Amino acid sequence: MGLPAARSRQEPRLPLGEDGLAGFSDDGQRLCLSLALWNGQDPILKERLFGLTNGEGNHGEDVKELYYFLDATPSHSYLKMLYKYPQRAFPYRQLVEENARRGIGAPELELIDTGLFDDDRYFDVVVEYAKAGADDILLRVTVHNRGPGAAELHLLPQLWYRNTWSWAPGAARPELRRTDDAVLAPHPSHGDYRLRVDGRVEWLFTENETNVARLFGAPATGAYVKDAFHARVVEGRAEAVNPEERGTKAAAWARVTIPPGGTHVLRARLSPEGSGFGDFERVMDLRIREADEFYDRLQRDLPDPDARLVQRQALAGMIWSKQYFYYDVPEWLAGDPAQPTPPAGRRRGRNAEWRHLNNADIISMPDTWEYPWYAAWDLAFHCIPLALVDPEFAKGQLVLLTREWYMHPNGQLPAYEWALGDVNPPVHAWATWRVFQMDRKRRGDAGDLAFLERVFHKLMLNFTWWVNRKDAQGRNVFQGGFLGLDNIGVFDRSAPLPTGGFINQADGTAWMAMYSLNLMRIALELARHNRVYEDIATKFFEHFLHIAEAMTNLGDGGVGLWDEGDQFYYDVLNTPDQRMVPLRVRSMVGLIPCSPWRPWIRPCWRSCRSSPRGCAGSSRPGQTWRRWCRGGRRPGWANAGCSACCEATG
């Protein structure tokens, strides 16, 4: 949440998703649970994490909080995180103004640099979730006062419905309401739930509706809005909450004073039966032991206790970062029937060519502090560590991005929400192969061939999209534009050149060489079980060799991406008058083809082209690589034929 939203104490309510401190929801994000805090000093009720936008941070967008994901199981049977909450007023304005003042060459001002944690005047807020059953959620909040004096703290476990009713006339509107000792949460899709809180609290109710009067200066649409709990707790305005104790958002308000070095525990439970707290600690302890047993088995070959802790917390971060994402492009382009009509230009603007896309899934996100979003190539890398703890989820994520409501009909994978048509490095095949290998080792059998084949067929469509759309001259040298790398060129590689022409990219071409080998390796595995895939494996090997040759000599023009004198790869500018000019900029662009798995690109091509034995190590002397690869041999040729390729692809 950037400063403008912080000043207004809320964000506009959008249908795409919800967020909250230590948030937890069902898989359709219909019912949400999170924590709000107030230290008696802040100008704003702490309901979500604060960060700087791209324009506010001297190094771009950045979260300015201290929080740590400590533990998690893949089934979410146990989750644990730590939030460090200062006892003094949070320095929103200082963080914004000082980081804006500092230039790009200066270090960022972080929260800990402000002196806010001096004398240990802060709370350690430990949030734990445990499942007593699939639908029985336990919440335990343990607060430690690390300061030298007694300190007041307000804790508000919050329960609310995602707003699904404000967008179309006649949409059903669920309602939370107070019962004797709980909040009843009925919903047509998941039945009745009840939230109970152990101890004395004051229940607050409002609506999960944008405060349009405060945010936009528009006439209020109702008496109760989503920032009402701030108005009640921070400003003392009792009229801001619904006295009838009903609405679409509820909170249990607990006020405590914790002595120096003291601890306070708050317990809550959300379940269909409205279960109490008699077995609460037993269930929580059981889930902690089960989490320990799970990681003891997973880390049995990792003897160093510190390394085990680092890995466990890293995996916890991956699991905590799974979020619900909803984005219906046709609906967004047309606008919501019950909302103001969007500008006419939206129908021809951003993402207008992705009208098939309709996402409503749990997806691994790059982080948890921004508004929910996914990035295709980030997700591919996420799946490798996720496969350690939850291979079925990892495989499901790789399949998901290739489904027809994600992948474009032309074969392109969606990049990210704000520009679905941007181009990310093609690492999906590499991730698919690695996850397959990891899962096969775990299973102890031939592996999930159905998964491998399912993704492979879709990736062949994506490979064809790359060849048809990103090779401007059909010479096996590729463009691609941004390709996931920020600030690596003297100009924006995704934008048209003001002089015309195009750029042949060293990184894009190297990624495609890797893509060819990844798909070849998958085809070889499938060919072990179905000979139909032998020809496809040969096809991708040949394509790799074409790319390797083109990187050295673009269209027989004597200019390549590789500079022999500099021993470095450069992009090559192709001008409208057919000149080719290397862009001698030392950047990540030129390092990507030099990565540890790529040094054999040029030697492999040269040996295949010049050796009388064909490919290096071939048992078929006197044949060129083309004749040899097309000789109809069984897939074993790769293992004996091109040792470099096999070594590189595993």
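Taking the range 515-544 only, how many residues are under 31 Å from the mean Cα position of the chain (by Cα) and under 13 Å from N476 (Cα atoms)?
Of the residues in the range 515-544, 4 are under 31 Å from the mean Cα position of the chain (by Cα) and under 13 Å from N476 (Cα atoms).
For the structure I just gave you, tell me whether R194 is in contact with a Ser or Thr (Cβ under 9 Å, 6 or more places away or on another chain) and open to solvent by 10 Å² or more (accessible area, probe 1.4 Å).
Yes; evaluated as a whole, the condition is true for this residue.
What number of residues within the range 69-78 are touching an Asp or Glu at 6+ places or on another chain (Cβ under 7 Å) and either assigned to a strand (DSSP E or B) or aliphatic (A, V, I, L, M) (or both)?
So the answer is 1.
Only one of D378, D361, D439 is in contact (Cβ under 8 Å) with a residue 40 or more places away in the chain and among the acidic types (D, E); which?
D439
Report whether or not P372 is in a loop (DSSP other than H, G, I, E, B), open to solvent by less than 30 Å² (accessible area, probe 1.4 Å) and within 18 Å of F69 (Cβ to Cβ).
For P372, the condition - in a loop (DSSP other than H, G, I, E, B), open to solvent by less than 30 Å² (accessible area, probe 1.4 Å) and within 18 Å of F69 (Cβ to Cβ) - is met.
Of the numbered conditions (1) under 26 Å from the mean Cα position of the chain (by Cα); (2) surrounded by fewer than 21 Cβ atoms within 10 Å (Cβ to Cβ), A446 fails exactly one; give the number of that condition.
Here A446 meets the rest and fails (1).
Within the range 395-420, take every residue that is open to solvent by 30 Å² or more (accessible area, probe 1.4 Å) and touching a residue at least 60 places away in the same chain (Cβ under 8 Å) and give me the one that is farthest from V455 (Cα to Cα).
W418
How about the range 199-239: which of its residues are in contact with a Ser or Thr (Cβ under 6 Å, 6 or more places away or on another chain) and touching a residue at least 24 places away in the same chain (Cβ under 8 Å)?
Those that are in contact with a Ser or Thr (Cβ under 6 Å, 6 or more places away or on another chain) and touching a residue at least 24 places away in the same chain (Cβ under 8 Å): E207, N208, R214, L215, A228.
Looking only at residues in the range 553-570 that are over 36 Å from the mean Cα position of the chain (by Cα) and not in a loop (DSSP other than H, G, I, E, B), which one is modelled with the lowest pLDDT?
G555
Got a sec? Which of V455, V477 is farther than 18 Å from A394 by Cα and not acidic (D, E)?
V477
Please state which of the following conditions E392 fails to meet, knowing it meets all the rest: (1) touching a His at 6+ places or on another chain (Cβ under 8 Å); (2) open to solvent by 30 Å² or more (accessible area, probe 1.4 Å).
(1)
Sort out which residues of the range 215-234 are of a type outside the set (G, A, S), assigned to a helix (DSSP H, G or I) and buried (at least 16 other Cβ atoms within 10 Å of the Cβ), and write them in order of number.
L215, F229, H230, R232, V233 - these are the residues of the range 215-234 that are of a type outside the set (G, A, S), assigned to a helix (DSSP H, G or I) and buried (at least 16 other Cβ atoms within 10 Å of the Cβ).
Please list, ordered by first then second residue, the pairs with beta carbon atoms under 6 Å, 6 or more apart or interchain, first in the range 260-278 and in a loop (DSSP other than H, G, I, E, B), second surrounded by fewer than 13 Cβ atoms within 10 Å (Cβ to Cβ) and not small (G, A, S).
As it stands, the answer is P260/P148, since those pairs meet every condition given.
Can you tell me how many residues in the range 233-280 are more than 16 Å from L176 (Cβ to Cβ), in contact with a strand residue (DSSP E or B) (Cβ under 8 Å, 6 or more places away or on another chain) and modelled with pLDDT of 95 or more?
Selection size over the range 233-280: 20.
Of all residues in the range 25-68, count the ones that are open to solvent by 40 Å² or more (accessible area, probe 1.4 Å) and in a strand (DSSP E or B).
3
The values are calculated or read from the model by the stated rules, or taken from the named source; none is laboratory data. Note that the structure is predicted; figures quoted are calculated from it, not measured. Neighbour counts run over all protein chains shown; Cβ positions are idealised from the backbone, glycine included. Keep in mind that these areas ignore ligands, DNA and RNA; they rest on the heavy atoms of the full protein, side chains included. Shrake-Rupley method; radii C 1.70, N 1.55, O 1.52, S 1.80 Å.
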